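Any read-out appearing in this document is the output of simple, stated calculations on the displayed coordinates, not a laboratory observation. All values reported here derive from a predicted model rather than from experimental measurement. For neighbour counting, all protein chains shown are included, and Cβ atoms are generated from backbone atoms with ideal geometry for every residue, glycine included.
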Amino acid sequence: MTTTAGNRNQVSLRASGLTAIVDYAVSSPARAVAVLLVASLLAFLPGFFQIPPTDRDEARFAQATKQMLETGEYVDIRFQDEVRYKKPVGIYWLQPPS
């Protein structure tokens, strides 16, 4: 593998940039916290906005719980006419009635 002068300069600039950030961070505890906060935000925020706030099945679970309370059938959980065995029965018991 051959490297050119341009590649070496690019690697050198990256290394010196990283060194400058580390030197800035270790100069005080507050700066270290700030650098870690920025680094963690850059790492986690892109994926955070891709996750939906609720499960797409959540409405069905809530409706099955409501139907369980209305019919009085606390073991055989159903959503409309279909059985709903996707979660343990206790999960439906723990959901608050709406």
**OP:** State, in angstrom, two size descriptors of region 26-98 derived from its alpha carbons: Rg to one decimal place and Dmax to the nearest whole number.
**Re:** 21.5, 66
**OP:** Figure the gain on full extension for Ala39 and Lys87 (residue separation times 0.36 nm, minus the Cα-Cα span) and round it to one decimal in nm.
**Re:** 13.5 nm
Original post:
Computed FRET efficiency, Cβ-Cβ of Leu94 and Arg31, R0 41 Å: what is it to the nearest 0.05?
Top reply: 0.35
